[in-house]
Amino acid sequence: MVKKIERDTRKFRQIIRGKIKKELKKYITRGELIGKKGKDLVSIPIPQIELPYFKYGTEEVGGVGQGEGESGTPIGSDKGEPGAGTAGDQPGEHLLEVEMSIEELAEILGEELELPRIQPRGKKNIIEDKDRYTGIRRVGPESLRHFKRTYKQALKRQIISGTYNIQNPRIIPIREDKRYLSWKTTRSPESNAVIIYMMDVSGSMGDEQKEIVRIESFWIDTWLRFNYKGLESRYIVHDAVAREVNKDTFYHTRESGGTLISSAYELCIKMIEKDYPAMEWNIYPFHFSDGDNYVTDNDRCTQLLEKWLLPYSNVFCYGQVAGFYGSGKFFQDLNEHFPNEENLITSHINDKDEIYNSIKEFLGKGK
Amino acid sequence: MGAKKFSTELKNLKYEIQEHAREFGLDFFKVIFEVLDFSQLNEIASYGGFPTRYPHWKFGMEYEKLQKGYTYGLQKIYEQVINNDPCYAYLLETNNIVDQKMVMAHVYGHCDFFKNNLWFSKTNRKMMDEMANHGMRIRRFMEKYGEEEVDNFIDTCLSIENLIDPHSQFIVRRNQKPRYNTIPKEIEEETVKRLKSKDYMDSFINPEEFIKAQKMKLEEKSQKRKKFPEDPEKDILLFLIGYSPLATWQKDILSIIREESYYFTPQGQTKIMNEGWATYWHSKILTQKCLKNNEIIDYADHHSGTLGSRPGVINPYKIGLELFRDIEDRWNKGKFGKEYEECDDFVKKKNWNRNLGLGREKIFEIRKLYNDINFIDTFLTKEFCEEQGLFTYEYNDKTKRYEISDRDFKKIKEKFLFALTNFGQPHIYVEDGNYDNRGELYLTHRHEGIDLKIEYAKDTMVNIHKIWKRPVHLQTQIGEKKVLLTYNGKEHTEKNI
């Protein structure tokens, strides 16, 4: 039976969904959700939904409490009201933490940004066969014998036939009693996808720039994960040399020194060739930099892109954050060199407010 | 809802506790216990105790909150009891037996209070049926007029559900209208009556000023008669049901909300007393009658959990219980009356004992006649405040936090009573339903030193406008200046008056 409350909970969740959708831009720019991410759920703080009514301005009210302390001793936290009013069980103005599955969040993101669903390319749709032991049958190998079922069957038979002795409860299964596990094969389509994040960590990339990268990649990750099950992520940082790091290091490393973007691209290509054959994988390299590359390196980069990276990738995304120094000329060079390249998307992210649009640029093509 | 079996063990417990409660003099409706698992209990609790209540998302929100609180082990509802005849009480399946005992005894305390307390005397004792009825009506409206539409209208109604007059049920109005309306008599033009007098005495017997003053009074009276409503109306919901241009189904929903609001009112009016009373009795019955030796620790643990308090929050269980005990003790020892009050020997006062033994009788009287306001007003003493460590707190603008401000008895009592008056909510009246002779609604907020939360007030006015469909005014005060807030259906304006 469907419980009555489910209708009301569903309604409530719809309202929340609407709220989140409306405020999505705010959530995207603030990046506070990143810390709230669990394995499958994101916990989203939204202001308590309250119907308006005539009430006192809470801060003025004050009230009566019980406990120790001199006057001037703070009580409770500075947020919300410490239960003023009659009985002290009035809900304060707390934030409501709603849990939402990452899938649902991605769905909202998709709706709000009008992102098209991604079409996995080529024949990378692998149909995979999986065996799951879900059934029971009367014949099978002894190694798959289901002890409990067999025992039950034998017990039943013995009771019915009157051979069961309570004083000496010995159950001996015969062949008809035996039950075995059986399996069913399910076929599930699966497409493999990998995101390769590359970030410039040279001296010119400040903390704010990294924060932008972090937020942006959270949302990209959310969306792609929604489109591909079993998405893999790899991380590369580079200044004048590139190396692969784990996620944590990726966001927190800071190096100083010059910038050779080509080093990252070379590593990326190596990675793809070794682990992700382009025929079987959907590949998404994202590169974030302030565009302040060593001047003579730009040609090398465009070469690498043209020959290898672009053909390998579903789409290659380059996001340029505004740096304190330098020209940011790399952005310009890319666009000049590949004026009509379908597989390349470039985007400027000057501050946090632009993350929203930049996500839209990257993912808006449905590739 | 598949209720779990009320086991024989629980049944025996019920009879045992019921007997103890009777022996102590408690008087209650029949109690029907149901055993539920936590999600069933949470569901019922979300609906305020009524499984058949009308559908609305706010119950869903409540449910999510309770479920989450339970899952993370932050909170747990042990019991839920409904003011109804018979009284329904829900027990949590996973409670251990000591908890069940305690909860049952607690329930009998509540039930006695529901039945006997004056402030509950006007509540509908067949509310279980009535709520089901409400639910069905609203569901039917949803089928007919659309879920969205009805949902939105309920939102609007709930936003003003607190605009009722809890005392109105007890007041016999001076101008009580006769039940069957006979043809109204032509109102005679009243004139000032002069006393008979000789001509030369007239200016003394009917002095000029007096006649003038009387004339003014009469005029005022006839002015007032033209006003609508004649006196400021606190039951704004009633006024809106009567006079706003709503569809019949909308009026029906508004009156459902109003009825439920009145039903729940006494529970707010007597929160401290009601919980105090129930706690007093579960502690009495358990510690004196039916605890086994090996259950003491579990009981004490749970009981102290109920009474625990954080600074800045008054725990109604704690204060209620302590106050009832204090009163019982005082009346047992005769610590009241003129002689006691006027005694200024501290030691003598402390050791005062006239062995009257009136305590039990007194608390039974109190549970019958009082509500939280006069309970606190009459029985909160200076000694009690000191013993319980009560204080007042205020918001400190500089530090942006609430801080303890005082331990002065008078201030504590004043703050306490203020918080209880009108449930700590502002007093709002309908002043004029035909303001400016243009059918506009004029509301007054009786300012008592604390401003309204203006954004909330404005949003609420929007909702009232949805019902009244003509401009809505609210006279209030912001700081020192009196203002008139107006919402005309499109925009808010504010002007000083």
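Here is a yes/no grid of residues against (1) in a helix (DSSP H, G or I); (2) over 46 Å from the mean Cα position of the chain (by Cα); (3) outside the structural domain of A:Glu232 (by TED's automatic domain parsing); (4) modelled with pLDDT of 85 or more:
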site: A:Arg132; (1), (2), (3), (4): no, no, yes, no
site: A:Lys148; (1), (2), (3), (4): yes, no, yes, yes
site: A:Gln153; (1), (2), (3), (4): yes, yes, yes, yes
site: A:Ile159; (1), (2), (3), (4): yes, yes, yes, yes
site: A:Gln167; (1), (2), (3), (4): no, yes, yes, yes
site: A:Pro173; (1), (2), (3), (4): no, yes, yes, yes
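Suppose we filter segment A:328-355 for residues that are in a helix (DSSP H, G or I) and either buried (at least 20 other Cβ atoms within 10 Å of the Cβ) or of a type in the set (Asp, Glu) (or both); how many remain?
Residues in segment A:328-355 being in a helix (DSSP H, G or I) and either buried (at least 20 other Cβ atoms within 10 Å of the Cβ) or of a type in the set (Asp, Glu) (or both): 7 in total.
Of the residues that make up segment B:22-31, is at least one surrounded by 19 or more Cβ atoms within 10 Å (Cβ to Cβ) and either in contact with a Ser or Thr (Cβ under 6 Å, 6 or more places away or on another chain) or polar (S, T, N, Q) (or both)?
no
Where in segment B:352-456 are there helices (runs of 4 or more DSSP H), lying wholly inside it, with at least 1 residues that are touching a residue at least 12 places away in the same chain (Cβ under 8 Å) and within 30 Å of B:Ile164 (Cα to Cα)?
So the answer is B:359-369, B:372-379, B:409-420.
It is to be established whether one or more residues within segment B:296-307 are in a helix (DSSP H, G or I), touching a residue at least 40 places away in the same chain (Cβ under 8 Å) and farther than 30 Å from A:Thr73 by Cα.
Looking through segment B:296-307, at least one residue is in a helix (DSSP H, G or I), touching a residue at least 40 places away in the same chain (Cβ under 8 Å) and farther than 30 Å from A:Thr73 by Cα.
Exactly one condition in (1) touching a Cys at 6+ places or on another chain (Cβ under 6 Å); (2) closer than 20 Å to B:Ile160 by Cα is not met by B:Lys458; state its number.
All conditions pass for B:Lys458, except number (1).
Kindly indicate which of B:Tyr88, B:Tyr78, B:Tyr108 is under 15 Å from B:Gly49 (Cα atoms), among the hydroxyl-bearing types (Ser, Thr, Tyr) and at pLDDT 90 or above.
Just one listed residue meets the conditions, B:Tyr88.
Looking at segment B:468-497, which of the residues that are within 14 Å of another protein chain (Cβ to nearest Cβ) and closer than 20 Å to B:Asp155 by Cα is surrounded by the fewest Cβ atoms within 10 Å (Cβ to Cβ)?
B:Tyr487
Take the residues of segment B:127-171 that are part of a helix (DSSP H, G or I) and of a type in the set (Gly, Ala, Ser): which is nearest to B:Ile363 (Cα to Cα)?
Ranking the candidates gives B:Ser168 first.
Return only the number of the condition from (1) touching a Phe, Trp or Tyr at 6+ places or on another chain (Cβ under 7 Å); (2) within 30 Å of B:Pro266 (Cβ to Cβ) that B:Tyr429 does not satisfy.
Every condition holds for B:Tyr429 apart from (1).
Among the residues of segment A:319-338, are any assigned by TED's automatic domain parsing to the domain that holds A:Arg225 and touching a Lys or Arg at 6+ places or on another chain (Cβ under 9 Å)?
The answer is yes; a qualifying residue exists.
Go through (1) surrounded by 13 or more Cβ atoms within 10 Å (Cβ to Cβ); (2) farther than 28 Å from B:Phe391 by Cβ for B:Asn293 and report which single condition fails.
Among (1) surrounded by 13 or more Cβ atoms within 10 Å (Cβ to Cβ); (2) farther than 28 Å from B:Phe391 by Cβ, B:Asn293 violates only (1).
Can you tell me which condition B:Met136 does not meet? The list is (1) assigned by TED's automatic domain parsing to the domain that holds B:Gln288; (2) over 21 Å from B:Lys271 (Cβ atoms); (3) surrounded by fewer than 23 Cβ atoms within 10 Å (Cβ to Cβ), and all the others hold.
Among (1) assigned by TED's automatic domain parsing to the domain that holds B:Gln288; (2) over 21 Å from B:Lys271 (Cβ atoms); (3) surrounded by fewer than 23 Cβ atoms within 10 Å (Cβ to Cβ), B:Met136 violates only (1).
Which residues, counting only those in segment A:250-307, are within 26 Å of the chain's Cα centre (by Cα), part of a helix (DSSP H, G or I) and of a type in the set (Asp, Glu)?
Matches in segment A:250-307: A:Glu273, A:Asp275.
Tell me which residues, restricted to segment B:120-132, are in contact with a helix residue (DSSP H, G or I) (Cβ under 9 Å, 6 or more places away or on another chain) and surrounded by fewer than 23 Cβ atoms within 10 Å (Cβ to Cβ).
Once the filter is applied, which keeps residues that are in contact with a helix residue (DSSP H, G or I) (Cβ under 9 Å, 6 or more places away or on another chain) and surrounded by fewer than 23 Cβ atoms within 10 Å (Cβ to Cβ), segment B:120-132 yields B:Phe120, B:Ser121, B:Lys122, B:Thr123, B:Asn124, B:Arg125, B:Met127, B:Glu130.
Can you tell me which residues in segment B:412-421 are more than 7 Å from chain A (Cβ to nearest Cβ) and either at pLDDT 90 or above or touching a helix residue (DSSP H, G or I) at 6+ places or on another chain (Cβ under 8 Å) (or both)?
Those that are more than 7 Å from chain A (Cβ to nearest Cβ) and either at pLDDT 90 or above or touching a helix residue (DSSP H, G or I) at 6+ places or on another chain (Cβ under 8 Å) (or both): B:Lys413, B:Leu417, B:Phe418, B:Thr421.
Could you give every pair whose Cβ atoms fall below 6 Å, whose first residue belongs to segment A:242-257 and is assigned by TED's automatic domain parsing to the domain that holds A:Cys301, and whose second residue is acidic (Asp, Glu), counting only separations of at least 6 or pairs across chains?
Sorted first by the residue in segment A:242-257, then by its partner, the pairs are A:Glu255/A:Asp239; A:Gly257/A:Asp239.
Would you mention how many residues in segment A:176-202 are at pLDDT below 85 and crowded, with 17+ Cβ neighbours inside 10 Å?
Within segment A:176-202, residues that are at pLDDT below 85 and crowded, with 17+ Cβ neighbours inside 10 Å number 5.
Can you tell me how many residues within segment B:387-406 are farther than 20 Å from B:Leu323 by Cβ, among the β-branched types (Val, Ile, Thr) and either crowded, with 16+ Cβ neighbours inside 10 Å or not assigned by TED's automatic domain parsing to the domain that holds B:Ile327 (or both)?
Number of matching residues: 1.
Is at least one residue of segment B:409-425 in contact with a His (Cβ under 8 Å, 6 or more places away or on another chain), farther than 30 Å from A:Glu70 by Cβ and surrounded by 15 or more Cβ atoms within 10 Å (Cβ to Cβ)?
No; the residues of segment B:409-425 include none that is in contact with a His (Cβ under 8 Å, 6 or more places away or on another chain), farther than 30 Å from A:Glu70 by Cβ and surrounded by 15 or more Cβ atoms within 10 Å (Cβ to Cβ).
Can you tell me how many residues within segment A:1-45 are at pLDDT 70 or above and within 11 Å of another protein chain (Cβ to nearest Cβ)?
Of the residues in that region, 15 qualify.
Looking at B:Glu448, B:Glu455, B:Glu480, B:Glu440, can you tell me which residue is outside the structural domain of B:Leu380 (by TED's automatic domain parsing), at negative phi, charged (D, E, K, R) and modelled with pLDDT of 90 or more?
When all the criteria are applied, what remains is B:Glu440.
Can you pull out every residue in segment B:2-18 that is within 14 Å of another protein chain (Cβ to nearest Cβ) and either surrounded by 13 or more Cβ atoms within 10 Å (Cβ to Cβ) or in a helix (DSSP H, G or I) (or both)?
Scanning segment B:2-18 gives a single hit, B:Ala3.
Counting only residues that are acidic (Asp, Glu) and assigned to a strand (DSSP E or B), how many does segment A:175-212 have?
2
The values are calculated or read from the model by the stated rules, or taken from the named source; none is laboratory data. In this text, all values refer to a predicted model and were calculated from it rather than measured experimentally. Here the Cβ is made from the backbone with ideal geometry for all residues, glycine too, and neighbour counts use every protein chain on show.
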